[in-house]
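First comes the structure, then the notes that go with it.
The values are calculated or read from the model by the stated rules, or taken from the named source; none is laboratory data. Here the structure is a predicted model, which is why all the values come from computation and not from measurement. Don't worry about glycine lacking a Cβ; one is built from the backbone with ideal geometry, like all the others, and counts go over all protein chains shown.
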Amino acid sequence: MAGTGYLPVAASPVASRVVGARPIGVFDSGFGGLTVARALMDLLPDEDLVYVGDTGRYPYGPRPLDEVRRYAIQIHEHLVRRHDVKLVVVACNTASAAALEVLQAESPVPVVGVIEPGVRSLVAATRNGNVGVIGTVGTIGSGAYQQAVAAADASVKLSCAACPGFVEFVERGETSSDQVHVLAERLLAPLRDAQIDTLLLGCTHYPFLARTLGDVMGRDVVLVDSADETAFRVRALLGELGLARDDDTTSAVVPAGRHRFESSGDVELFRTRGARLLGPELGHVEAVAWD
C-alpha cells in the first residue's frame, strides 16, 4: 500500500531472479481460497506460496463492503511486509469486489482477483448466451459480476443469485448434506427457471459444493470454477513482468515450491479441515493475529 516503503516491482533495483524467488501471497476469508491455492500449486510447482485464511473473521459475505475492504487491505499489508511477496492473489470474490481496485491502484506488487478470470471462462463456455453467477450477498450486491460480464460480452444474458449459507456449510465441512441440498434447491430455483446453460461459482468456497450444485442444476449446465483461470492469469503475469522463479534461484538449501499457511482462527481446525480440502501439502499452520 502507499507509504509502505516498498518500491513498485517495475522500478525495483533488485535483479528479477532475486525478486522471482519471493513467494506468491494468497488470501481468503477462510478455506475457499484453497481452491485457488491448489490450482496455483499444480500449475506453478516451483513457486513458493503463502496462504492466509482469515477464519477468525469469516464469513465476509454478509459484512458491509467497506469493512471487507479494511480486512483486505490489512491482510495485503501483512503479506507484503511480513512475507515480502512478489504478487498477491485475492482468492475471495467478496474481497475482490470490495477492494481489488484499491489494492491494484496502491499496491507495490501486482494484485490479481478472481472475478475477471472467472467471467472470461463463463463467457467462453456458454452455448445459448444465458449464463448465471452465484455468490455471497456482498459479492452479488456489489454489482461486480454484472459489470464484468457486461464488459466482456454485452450480448450475454446474466442471471445472478446470492446464496447465503453456502460458505458456512463449507467452513463446517458439510459439503454434501441433505440440508445443503435443500438450501441449494431453493436458492438456485430462479437460475433453473432462467434456463441458463453455464453457471459461474462466484465464491471460492463453492467448488467444494460442486457435486450438490451439479445435481440441482442438472447435467446440461456447465459449472465454471475461476480457480484454474486465475492460476493461468498469475502464470502469464509472472512471465510478462519477469517475476517467475527461474531455475537458477533454486538450491538444495532453499528448495522451491514451499507452501506456508496461516489462520486468524483455530489453527488446528484449519489444519485438519484444510488438509482434507487441499491435500497433504497443508501441514503446519501458523497463527496470525490482527492489531
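So is Ala150 without any contact (Cβ under 8 Å) to a residue 24 or more places away in the chain and surrounded by fewer than 21 Cβ atoms within 10 Å (Cβ to Cβ) or not?
It is true that Ala150 is without any contact (Cβ under 8 Å) to a residue 24 or more places away in the chain and surrounded by fewer than 21 Cβ atoms within 10 Å (Cβ to Cβ).
Which of the residues that make up region 245-266 are within 20 Å of the chain's Cα centre (by Cα), of a type outside the set (Lys, Arg) and either crowded, with 16+ Cβ neighbours inside 10 Å or at pLDDT 90 or above (or both)?
His259, Phe261, Glu262, Ser263, Ser264, Gly265
Filter region 179-198 down to the residues that are of a type outside the set (A, V, I, L, M) and within 29 Å of Arg57 (Cβ to Cβ), then identify the one that is surrounded by the most Cβ atoms within 10 Å (Cβ to Cβ).
To start, the set of residues in region 179-198 that are of a type outside the set (A, V, I, L, M) comprises 179, 181, 185-186, 190, 192-193, 195, 197-198.
Okay, now just the ones that are also within 29 Å of Arg57 (Cβ to Cβ), so 179, 181, 186.
Values: Gln179: 10, His181: 15, Arg186: 11.
Residue satisfying both the conditions and the ranking: His181.
With the requirement that a residue be farther than 21 Å from Ala144 by Cβ and among the β-branched types (Val, Ile, Thr), what does region 192-231 give you?
Scanning region 192-231 gives Thr212, Val216, Val221, Val222.
Do any helices (runs of 4 or more DSSP H) entirely within region 153-217 hold 3 or more residues that are at pLDDT 95 or above and either in contact with a strand residue (DSSP E or B) (Cβ under 7 Å, 6 or more places away or on another chain) or among the β-branched types (Val, Ile, Thr) (or both), and if so, which? Reasoning before the result, please.
Numbers: elements: 166-171, 178-193, 210-217.
Of the helices (runs of 4 or more DSSP H) lying wholly inside region 153-217, those with at least 3 residues that are at pLDDT 95 or above and either in contact with a strand residue (DSSP E or B) (Cβ under 7 Å, 6 or more places away or on another chain) or among the β-branched types (Val, Ile, Thr) (or both) span 178-193, 210-217.
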